[in-house]
Amino acid sequence: VDGIDAAHKLAILASLAFGTQIDFSSVHVEGIRHVSPADQDFASELGYGIKLLGIATETEGGIEQRVHPCMVPLGAPIAHVEDVFNAVVVHGNHVETTLYEGRGAGEGPTSSAVVADIADIACGRNSRTFGIPASKLAKLNTVAMSERVGSYYVRFTVIDKPGVFAVIAAALGDHDVSMEAVLQRGRAPGEPVSVVLTTHETREADIIATIKTIDKTEAAVEPARVIRIERF
């Protein structure tokens, strides 16, 4: 629920992928506690599903390691990984995108993994997990979460009255955030209403600054909810 287990797995997978030291402390972790049924309904209407994903990406500034809820297009294979199944998506410079899916929980997969480890010990098999000695793994150079660039889903809960949308639009403009789509449900004037928008690509720091500005206004009823959009 809080993403801790996924974060530990991501730290190991990032080490395997990029030949770097394991550094769990540098993983940005968010769980799914703040995701509501309303967000799921809006996501479906916008053509997305919501998944808790661990993502490691090599960038020019370093390696991103992050775990958080994501909106993924309903047409993406990972959007349909359910129940005890896990999936790993790998994007390489020559192989492009590949997906590996299988059961990741339950008595069968767990006992199989344990017996496999026992068999390796009994037979004296000792392979290098990372392909090279752990002492030779490179130091991990990380990128701050605030530098993440991508699209966002934001749900504001505001009082339905004239001028509210102008306040939202002004805050977006002040922080160079561009809207892609907007959804709003009608209510009686003066009652709380959800205003949902998706953005074009922008920096995490800019979207957070925008939200802080809007949350401080009198129109905001509760803190805005944010979900990052990932297009696989």
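The values are calculated or read from the model by the stated rules, or taken from the named source; none is laboratory data. Just so it is clear, the model here is predicted, and its values are computed rather than measured. Quick reminder, even Gly has a Cβ in these numbers, built from the backbone with ideal geometry, and neighbours come from all protein chains shown. Accessible surface is based on the protein model in full, side chains and every heavy atom, while ligands, DNA and RNA are left aside. Shrake-Rupley method; radii C 1.70, N 1.55, O 1.52, S 1.80 Å.
When the residues of region 189-223 are filtered to those that are among the small types (Gly, Ala, Ser) and over 17 Å from the mean Cα position of the chain (by Cα), which remaining residue is farthest from HIS34 (Cα to Cα)?
Taking region 189-223 first, the residues among the small types (Gly, Ala, Ser) are 190, 194, 205, 209, 219-220.
Remaining after also requiring over 17 Å from the mean Cα position of the chain (by Cα): 190, 194, 209, 219-220.
Values: GLY190: 25, SER194: 15, ALA209: 19, ALA219: 21, ALA220: 17 Å.
Checked region 189-223; the qualifying residue farthest from HIS34 (Cα to Cα) is GLY190.
Let's see how each residue does on (1) surrounded by 12 or more Cβ atoms within 10 Å (Cβ to Cβ); (2) touching a strand residue (DSSP E or B) at 6+ places or on another chain (Cβ under 6 Å); (3) farther than 17 Å from ARG148 by Cα; (4) at pLDDT 95 or above:
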position	(1), (2), (3), (4)
GLU60	no, no, no, no
GLN65	yes, yes, no, yes
PRO69	yes, yes, no, yes
PRO77	yes, yes, yes, no
HIS94	no, no, yes, no
ALA113	no, no, yes, no
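Just one of (1) open to solvent by 40 Å² or more (accessible area, probe 1.4 Å); (2) among the hydroxyl-bearing types (Ser, Thr, Tyr); (3) modelled with pLDDT of 95 or more fails for SER127. It is (3). Against the list (1) surrounded by 10 or more Cβ atoms within 10 Å (Cβ to Cβ); (2) farther than 23 Å from GLY49 by Cβ; (3) without any contact (Cβ under 8 Å) to a residue 40 or more places away in the chain, the condition PRO133 fails is (1).
For the condition farther than 26 Å from ILE227 by Cα and surrounded by fewer than 16 Cβ atoms within 10 Å (Cβ to Cβ), what is the one hit in ALA144, ALA138, ALA170? It would help to see each step written out before you state the result.
On the way: ALA144 fails: farther than 26 Å from ILE227 by Cα; ALA170 fails: farther than 26 Å from ILE227 by Cα.
Result: ALA138 is the single residue among ALA144, ALA138, ALA170 that is farther than 26 Å from ILE227 by Cα and surrounded by fewer than 16 Cβ atoms within 10 Å (Cβ to Cβ).
Evaluate the following for VAL84: is it among the hydrophobic types (A, V, I, L, M, F, W, C) and surrounded by fewer than 19 Cβ atoms within 10 Å (Cβ to Cβ)? Spelling it out, VAL84 is indeed among the hydrophobic types (A, V, I, L, M, F, W, C) and surrounded by fewer than 19 Cβ atoms within 10 Å (Cβ to Cβ). For ARG33, the conditions (1) in a helix (DSSP H, G or I); (2) in contact (Cβ under 8 Å) with a residue 24 or more places away in the chain; (3) surrounded by fewer than 16 Cβ atoms within 10 Å (Cβ to Cβ); (4) charged (D, E, K, R) all hold with the exception of (1).
Being within 30 Å of GLU60 (Cβ to Cβ) and among the charged types (D, E, K, R), is that true of even one residue in region 109-125? Even if it seems obvious, please write down each step before you answer.
Start the filter on region 109-125 by keeping residues that are within 30 Å of GLU60 (Cβ to Cβ), which leaves none.
No, because not a single residue in region 109-125 is within 30 Å of GLU60 (Cβ to Cβ) and among the charged types (D, E, K, R).
If I filter region 152-159 for residues that are open to solvent by 40 Å² or more (accessible area, probe 1.4 Å) and either hydrophobic (A, V, I, L, M, F, W, C) or closer than 30 Å to ILE208 by Cβ (or both), do I get at least one hit? Yes, region 152-159 contains a residue that is open to solvent by 40 Å² or more (accessible area, probe 1.4 Å) and either hydrophobic (A, V, I, L, M, F, W, C) or closer than 30 Å to ILE208 by Cβ (or both).
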